[in-house]
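Please read the structure below before turning to the comments.
The values are calculated or read from the model by the stated rules, or taken from the named source; none is laboratory data. Since we're looking at a predicted model, the values are computed, not measured. Every residue, glycine as well, gets a Cβ built from its backbone with ideal geometry; the counts of neighbours run over all protein chains shown. Remember, those area values only see protein heavy atoms, side chains included, never the ligands or the DNA or RNA. Shrake-Rupley method; radii C 1.70, N 1.55, O 1.52, S 1.80 Å.
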Amino acid sequence: MNELKQQKISLNPELSKETIDGEIATLNLGPTHPATHGIFQNILRVDGEKILSSVQTVGYIHRAFEKLAERRSYNQITTITDRLNYCSSPINNMGWEMTVEKLIAADIPKKVDYMRVIIMELARIADHLICNSVIGVDTGALTGFTYVFQEREKIYELFEEVCGARLTTNIGRIGGFERDFSPTFHQKLKSFLKTFPKVFNEFDSLLSRNRIFMDRTKNTGPISVERALDFGFTGPNLRAAGLDYDVRNMNPYSSYQDFDFIIPVGVQGDTYDRFMVRQEEIRQSLKIIEQAYSNIPEGNYHADIPDFYLPNKEMVYNNMEALIYHFKIVMGETPVPVGEVYHSVEGGNGELGFHLISDGGRTPYRLQFRRPCFIYYQAYPEMITGQSISDAVLTLSSLNVIAGELDA
Amino acid sequence: MQSLSNKSKVVSDKPMTFMERLYLPAVFGGMWITFKHLFKKHNTIKFPEKQRIFAPVYRGQHVLKRDEKGRENCTACGLCAVACPAEAITMTSAERKKGEEHLYREEKYASMYEINMLRCIFCGLCEEACPKEAIFLTDRLVPTEFERKDFIYGKDKLVESKENPIDISLRQHTGKRTEK
């Protein structure tokens, strides 16, 4: 580590000394490089193909979400969380809603919990499908990517059926859902649960036990579990290093304790481990959805919190009391308790946390997002040191660093 | 590192079998899967000749509704503009004059109503905020334009025409207004 630090420090003065005839060259990987799947810049110092050191840059698509959130009412902040990890926005939306529910100590019906679990696990499947198929693309196997994208499309259609949008979902409200699952949703979910395992097994058979893929990904971008913990890794990337930390299991939210699922772990935290952990997580997510869907309880699709959940439109149109509440909620003038809460969910990439400080006003006093991608990216230079340039691309995609979440 | 739960399972330590050690089965297996897909049903929808059916609650281009007598529902209360997280909505209110009763449903109306479609993020909060059944999102997509100013939609583009009202009955899941 000390050696790495010295290399980092000595990088900039040497930049000017390097010439094209020298052994060591400087290479910009990014910011807009087709292989980085996002706006990431890495200034690599390479000796031939071998990476000696690298310096990463963050902030290319920084949109000041934490500051924006200080001027938005609680309902409006859901739309900001859409744009963190846009591969699994429903998890971000619901994480935020659960944070506010924790602050106002709302009593959430079991049905809402189960509906949320279904939507969040669907989002996790979509997120992992993208990540794993893109690992395939970066190793030269485009085929699997094109096949599983149809399944991702089906998941997006399910989101569309609930909330009306596909990518930036803004799904759910503080206290529950904006509407109950429609008959079309039930029909589409049933057909998805039936067809998905077949397509997924086909994708799995293309890559998982393929020697070409295994040789390429094993020992690529490894990280030990101790180093991973030092950096603050969570989620699939920590599990790939060998520690079975999962927020769904360690600190259950949204009734996750009701479901039976296995936490897959890897051995040495390399790209193959990360790939395999995500593959298994997709299977477990499917299992959770099946459990939740078959046991979904009777009840209302939202909590009974008239201070935060909008009244029925029919009441608003015809009843003065409801209209007053409607105005107060939309304008964010309902009383919010003063306090400080932290709530974390197992996002597509790891522990996605919301640290909310409320001073009782219509907006948060301070809101901080614990974004797992930001943490992974800190470890990235260390992980690719000594690897080749093509390994660096593969490591980045297997860490699943999403630019929207990295820069917030 | 000790385990934190009793539910963990190592998934990536299986050694390669003899068959997997040979490169060729994997290569031919992959080619066989690709070959099979040649004869499968194509998933591509040939847009724009054929269009995918959107969900009834799809959040597309906005519409300002008229009531059954053809009068504008909007009373320019400004709640949609307050609810908008992208600050895309602007409006000016005016008082209904005598003789305009057939144009506007209530005494106050929006003389100017603009949505900047470049700012809009189609979150649907304006539709949810509207207490007068006036603004709805529809399953239409916002067409592309060449200039930025063309994306600022005024009342000419937003208010539905009397001849071709836009059906939004499927998204009025939370109830209708009863005439007093």
The range B:126-173 - residue that is basic (Lys, Arg) and in contact (Cβ under 8 Å) with a residue 24 or more places away in the chain and, of those, least open to solvent (accessible area, probe 1.4 Å)
B:Arg171
Breaking point among (1) open to solvent by 10 Å² or more (accessible area, probe 1.4 Å); (2) within 12 Å of chain B (Cβ to nearest Cβ); (3) among the hydrophobic types (A, V, I, L, M, F, W, C), for A:Val162
(1)
Name the residue that is farthest from the other protein chains (Cβ to nearest Cβ), counting only residues in the range B:46-77 that are outside any loop (DSSP other than H, G, I, E, B) and under 19 Å from the mean Cα position of the chain (by Cα).
B:Leu64
Answer from A:Thr363, A:Thr334 - the residue that is under 20 Å from A:Ile174 (Cα atoms), within 26 Å of the chain's Cα centre (by Cα) and assigned to a loop (DSSP other than H, G, I, E, B)
A:Thr363
Residues located in the range A:242-301, provided they are more than 11 Å from chain B (Cβ to nearest Cβ), open to solvent by 10 Å² or more (accessible area, probe 1.4 Å) and in contact with a Lys or Arg (Cβ under 6 Å, 6 or more places away or on another chain)
A:Ser254, A:Pro297, A:Gly299
Report, ordered by the first and then the second residue, all pairs with beta carbons closer than 6 Å, sequence separation of six or more or different chains, a first member in the range A:243-265 that is in the same structural domain as A:Gly353 (by TED's automatic domain parsing), and a second member that is open to solvent by less than 10 Å² (accessible area, probe 1.4 Å) and part of a loop (DSSP other than H, G, I, E, B).
A:Ile263/A:Asp244; A:Ile263/A:Asp246; A:Val265/A:Asp244
Note on the range B:58-68: residues surrounded by 10 or more Cβ atoms within 10 Å (Cβ to Cβ) and modelled with pLDDT under 90 are B:Asp67
Give the residues of the range B:100-124 that are crowded, with 22+ Cβ neighbours inside 10 Å and either in contact with a helix residue (DSSP H, G or I) (Cβ under 7 Å, 6 or more places away or on another chain) or of a type in the set (Gly, Ala, Ser) (or both), sorted by residue number.
B:Ala110, B:Tyr113, B:Ile115, B:Cys123, B:Gly124
